[in-house]
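The values are calculated or read from the model by the stated rules, or taken from the named source; none is laboratory data. Note that the structure is a prediction, hence the values are computed from the model and not measured. Glycine gets a Cβ as well: all are built from the backbone with ideal geometry, and neighbour counts include every protein chain shown.
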Amino acid sequence: MPASGLTRRILATPAYLWAGVLVLALFLALLWVSRTGPVDGAYAIRQARVAHTQSGVDLHTMVSLPHVWDDQTPPWHGEARYRLDWPASLGTERPLALLLPRVGARYRVWLNGHEVTDRFWTRPGFVDTSLVPHLVPLPKAWLAAHPGANQLDIEVKGQPLRKSGLSIVHLGDADALNQRYEQLMWWQVYATWMVAACSLMVGLMSLLMWLQTRERMFGLLVGATFAWTVRLALTPMETPPMTFEVWYYLHKLSFTVYCGCLYLFMWDLFEYRQGYIRNFVRGLLVVGPVWLAVTVYFNQYDMYRLWMGVITATSAVALVKLFHRARWGLDSNQRLMVLVGAATMATGVRDFAVVNMGAPGDADIRWMNVGSLMLLYALGWVLVRRTASSMEQVGRLNAELAQKVSERESELHRLFERLRLVESQRVLEGERRRLTRDMHDGLGSQLVQALNVVRSSGGGQVDSAAVASMLDHALEDLRMTLDSLEPMEGDLPTILGTLRQRIAPALQAARIDLDWQVQDVPAIPGLEAQGVLHVFRCLQEVFANIVKHAQASRVTVRTREVDGHVELSVRDDGVGMGALPEGAFRDGGRGIGHIRLRAAELGVQVHFAGANPGTCVRFLFPVQRPPLDGFSSSTREPGSANLL
């Protein structure tokens, strides 16, 4: 098989299969490390004579090691002195040492009446030496020449609620026992710190994911891993910086929180429905702090045993439910957790059976730390896979969303093009109608009048001057319509300049002077072709009335900017509004009506006032306004006035 194909096969292998292989290898390694058998060059001392005072009575008894004070009836308290028999065949030629896997909570070692070591015997505060193994070198100078003459005593001071007492003692070659001591330190201390660091790392990863997603399952994993980190951090401390009551409470409560949160995490991972067991676990998390506080206050170790029995039973039920759930099919993450959860439970059962029940095995080496490490790695893997799956899902959703957005954009572009085409056609149609209407009302009417003059002559003499005037007016109207089509972009001075070319000859013929005071003003929005024609028609009406009726000698056209508007004023020095004939600028007349109608279409204010002498017409154009809407197709263009 090619290397690339083998790599793909390896990567395609489910995680739970790899985990199964690693768990099997780990159990084989644990079995090898914790196989029973004496330490080469050393003796295992399994019995001792104990001098102890109980209820004011001095007791001298022979006990088997390991000896646990809490297992006695009634439980032992205070101090005890263990005397160990020196092996008859143990010579004193080589350096000797004493290995104490578990002893506590404080101890002293005596050799032939000499104090060899004092481990926190008189130190104030809480101390627990049973948390780590101890190697005590025996000074050769204090050894008796005959092995049977050596007396080895170990004094132990107990601590309530702790497993005080003495484990099996190893006595013999210092080098051989040092190797065993290093092995125990690795399993009991170094591995504990390593697992605590891994637990903290998984907890921080879970915390980051919970802060991003606020998913309950990540929150439960944060609680479980942080609680386990606290328990592991407190476990190997011989001299914790706190009282015993605080240490004991935190140590036991953290284990309760760890088990409860882990169970609820598994419940969410396996997508169980709400049930009485889940509610029971929640109840344990509520009752646990109170129960453990009462246990510490009354120093009742049996209460703690009962509590641990409840937690163990709950864990067993949880594991059974996991296997029951497996009947209905599991995904790869759930299979991984079933496998690792069962392996972790097996390590806990093994430690309980070997340490507390006397089952075969090395009681000095605990498997639970390694089992919890497997569980932490599995939890980390599930966390990573779930996060990766969520990211893949988000990626797919983003891709689908991007595709839908692209499709909608294309559809909107097509609709926009259609709307643009329709709008363009509508505008063109509007312009066509407007031009048709303007030419009909202006140019058409002038041509019709000229035609009527010709027809009314009956073939006789035609008034050529009248016809020429009519045709000239028609031509002028046509030019004005064409001028309105020029792109002027709302520039009022340009619009007025175009109009000036049309009205100047008529004013000159009427001997009226034009005072042109048109200044640069801001561009007027919406003043397009239709608006320009409206302006032309309005001013055409104004100038037509001035030429016909005002009897003026001067007319002034002025532009300026006033209060956000552009003002256009046309002032003459004629007879004034009161003297104008009906139909000119009198209110209600046709002239003013036409101007008001066009100004309203433009959104422009128009005012008519007397100028003393003469008349003033003011137009106010808004500088900022929405674009001009087209003329309604139902609005008929008012008639156009003609300049003389």
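Among the residues of segment 101-151, count how many are of a type in the set (Val, Ile, Thr), out of contact with any Leu (no Cβ under 7 Å at 6 or more places or on another chain) and either free of Cβ contacts under 8 Å to residues at least 40 places away in the same chain or over 24 Å from Arg162 (Cβ atoms) (or both). Here the count works out to 2.
Give all pairs with beta carbons closer than 7 Å in which a residue from segment 595-618 that is assigned by TED's automatic domain parsing to the domain that holds Arg558 and more than 14 Å from His534 (Cβ to Cβ) meets a residue that is among the charged types (D, E, K, R) and assigned to a loop (DSSP other than H, G, I, E, B); count only pairs at least 6 apart in sequence or on separate chains. Going by the 7 Å Cβ cut-off, the qualifying pairs are Pro613/Asp573; Gly614/Asp573. Here is a check on your reading of the model: is Arg560 among the charged types (D, E, K, R) and under 24 Å from Gln624 (Cβ atoms)? Spelling it out, Arg560 is indeed among the charged types (D, E, K, R) and under 24 Å from Gln624 (Cβ atoms). Checking the structure you have, find out if any residue of segment 193-203 is in a helix (DSSP H, G or I) and either more than 26 Å from Leu30 (Cα to Cα) or over 46 Å from the mean Cα position of the chain (by Cα) (or both). Within segment 193-203, one or more residues are in a helix (DSSP H, G or I) and either more than 26 Å from Leu30 (Cα to Cα) or over 46 Å from the mean Cα position of the chain (by Cα) (or both). Taking each residue of segment 233-244 that is surrounded by fewer than 17 Cβ atoms within 10 Å (Cβ to Cβ) and looking for partners that are outside any helix (DSSP H, G or I) and not β-branched (Val, Ile, Thr) with beta-carbon atoms closer than 6 Å, six or more apart or interchain, yields Thr243/Phe126. If you go through segment 101-138 and keep only what is in a loop (DSSP other than H, G, I, E, B), on the phi < 0 side of the Ramachandran plot and buried (at least 17 other Cβ atoms within 10 Å of the Cβ), you end up with Pro101, Arg102, Ala105, Phe126, Val127, Asp128, Val132, Pro133. Take the conditions (1) outside any loop (DSSP other than H, G, I, E, B); (2) farther than 25 Å from Ile365 by Cβ; Pro241 misses just one of them, which is (1). Looking at segment 125-146 only, could you name the residues that are closer than 13 Å to Leu111 by Cα, in contact with a Ser or Thr (Cβ under 7 Å, 6 or more places away or on another chain) and not β-branched (Val, Ile, Thr)? The answer is Lys140, Leu143. Among the residues of segment 60-100, the one identified as among the hydroxyl-bearing types (Ser, Thr, Tyr), assigned to a loop (DSSP other than H, G, I, E, B) and without any contact (Cβ under 8 Å) to a residue 40 or more places away in the chain is Thr73.
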